[in-house]
Each structure stands twice: as structure tokens, then as C-alpha cells.
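Below you'll find the structure, written out as C-alpha cells, and then a few comments.
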Amino acid sequence: MTSTPITTTIPAITLNNGVRMPQLGFGVFQVSDADTTAAVSLALAAGYRSIDTAAIYGNEAGTGRAIAESGISREELFITSKLWVADLGYDAALGAFEASLDKMGLDYLDLYLIHWPAPATDRYLEAWRALEQLLADGKVRAIGVSNFLPEHLRKVINLGGTVPAVNQIELHPALQQRDVAAFNTAHGIMTEAWSPLAQGAVLAAPAVAAIAAAHGISPAQAILRWHLQQGRIIIPKSVTPQRIRENLDVFGFDLTADELAVIDGLERDGRTGPHPAEFNG
């Protein structure tokens, strides 16, 4: 399957403000700025149109270079970046956003997220008001959050303004965060999974290998398909050309209900990143 040319159009998810976002995108977490240009260029050539970066990754400039060199019209792309915890607050958030735009050489972003709530600082509500202003000014098409728990989301929603369009959280078979995902769904917030493959930790599971073998696909493709069939947005990352293409080639097959249930059963509270209630940058 992985050698077959990729011709399927990536499906899009309609966010709560009507903006359409590709369901599968390309992440660049832990990729150096120089390597990001090459990786994003490969991803765009393979057919990805959604790219996810962040100020703290230090590779917004590399992302922007790949976009500029691609020759793809800006309207065809969906670009996400994130506000780091050091810039939580109204004025700081506005300044950080402009710095991100400048590094990427862009006039606007499609999605801007508060990277972490950093509850000890308790400044994410001020930052959210800044994001609402950016949205009103047309600098960004949609705004959202990352790593927010229901307790943080409630405070944002209770401001009475814009409901986040997206909550990007660590989510994979070993950490499914069903309570957070259910809260997102109940409030019209799309769940986006970062580290959808658990940094490879779940790929060796015998159950995943059996499902992959049954479909003639890789374990990674089986897991990504599990995410897609449950309606999540995903942003797998790789710098390997074959895997970049393989991670996109997940639309020509379906897992059965039993296979989905088997992967559901891999939950083990296997968090690989910080806990949002404890992390403050």
C-alpha cells in the first residue's frame, strides 16, 4: 500500500466557526529549524496541506521557508502555530503572535493556539482575550487551545465570548483522555491529537501488528486510521521521506468495529508529555 501513489484528497473538518481544517496534518515538534525546511518541503510535495508548528519549537522560520519555496498558493494551506507560556497575557500574546507571523513570513495564520494553560500563572484568560482580538482583526481564521483540561476550558467558555475551535491534546491508544475528548465534543470543540503514535510506543503492540497485517498496512497506518475513524484531527511527525508519505496514505481502507475496539483497549494512562494541571513552562 505504501508504494501506491497518494491521490486521495485529505478530508476536512468544519470547525465551530465554519472554517474548514484538514483532518490530517504534518507536525514539526522536536525538528531543528534547518531540518524543518526539508521535512515540510517533503510533506507539501507528498500532499499535506496543514502544517503545525509553535513558537517554542524554534522552527517557525524553517516552516516559513518551506512554504515560500513550495509555490503552493497560501489559500491552499492551513498553518497553525502556538503561543508559549512565557507570553501569556494580553499585550504579550499580541506581540508574540506578530513575532510568529514575521518569522514565517505570513500575513495571517489559519489557527492560533494557547500552547499550555500554565495554571500556576493563571494568565491564559488574558491571552484568550488577545486571541479573540486577533480573530476580530482578521489576523487568524480560528483560535483554540492546546493541553487544556475541562477545568481550564470551562473558564474560557464562561468568559462568554468565543468558544475554542480546537483543543490539541496528547492522545493515542495508550492515553485516550476520554473525559477531555467528551468535554470537547459536548461544547463543539474539535479534538486534535498531538503525538498520535505515542512517539512509536504503541506500534509494537501485538494487537496493532495483527490489525496491520490483516490489512497489509504498517502499524502506524493502523493507528492513524483508528484516529481518523473516530473523527479526530491528527498531526503525525516524521523527517523520513517514506514515513512522511506512509502517514498520509491512510484513506484507502477502513478498520472494522472490532479492530477499533481492540485499539481502544490499549489505554493504560501512558502519558509521554507533561500533565496540563502541573506544567507551567
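Every number in this text was worked out from the coordinates using simple rules, so none of it is lab data. Here the structure is a predicted model, which means the values were calculated and not measured. Neighbour counts run over all protein chains shown; Cβ positions are idealised from the backbone, glycine included.
Overview of values
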item: Which of 267, 278 has the fewest Cβ neighbours within 10 Å, and the rest in rising order; result: 278, 267
item: Region 204-257 shape via C-alpha gyration tensor axes, a/c threshold 1.5; result: oblate
item: All lysines inside 25 Å of residue 139 as judged from Cα atoms, apart from same-chain residues fewer than 8 positions distant; result: 82, 103, 155
item: Gyration tensor verdict on region 96-255 (Cα atoms; rounded if a/c is under 1.5, prolate if a/b is larger than b/c, oblate otherwise); result: prolate
item: Convex hull volume per residue for region 160-278, taking Cα atoms only, in Å³; result: 123 Å³
item: Over the chain: Rg over Rh, Cα atoms, Kirkwood Rh; result: 0.95
item: Residues 269, 52, 33, 110, sorted so that the one with the fewest Cβ neighbours within 10 Å comes first; result: 269, 33, 110, 52
item: Taking the convex hull of Cα positions in region 67-158, its mean projected area over all directions (nm²); result: 6.0 nm²
item: Debye intensity ratio in log₁₀ form over the Cα atoms of region 1-122, taken at each q of 0.09, 0.10, 0.20 Å⁻¹; result: -0.27, -0.33, -1.16
item: Cβ charges +1 (Lys, Arg) and -1 (Asp, Glu), total dipole of region 127-281, debye; result: 420 debye
item: Karplus-derived 3J(HN,Hα), 6.51/-1.76/1.60, for each residue of region 246-252, Hz, glycine and proline x; result: 4, 5, 8, 8, 10, 10, x
item: Within the chain, percent of DSSP bridges classed antiparallel, to nearest 5; result: 15 percent
item: Estimated [θ] at 222 nm from DSSP helical runs (n ≥ 4, -39500 (n - 2.57)) normalised by residues in the chain, nearest 500; result: -11500 deg cm²/dmol
item: Proximal aspartates and glutamates to residue 237, defined as alpha-carbon separation beneath 12 angstrom and excluding residues fewer than eight positions away on the same chain; result: 52, 246
item: Residue exposure sequence - 73, 41 - by fewest surrounding Cβ within 10 Å; result: 73, 41
item: Cα centroid separation, region 208-281 to region 64-131 (Å); result: 27 Å
item: At q = 0.15, 0.17, 0.20 Å⁻¹, base-10 log of I(q)/I(0) for region 37-109 (Debye sum, equal scatterers on each alpha carbon); result: -0.47, -0.59, -0.78
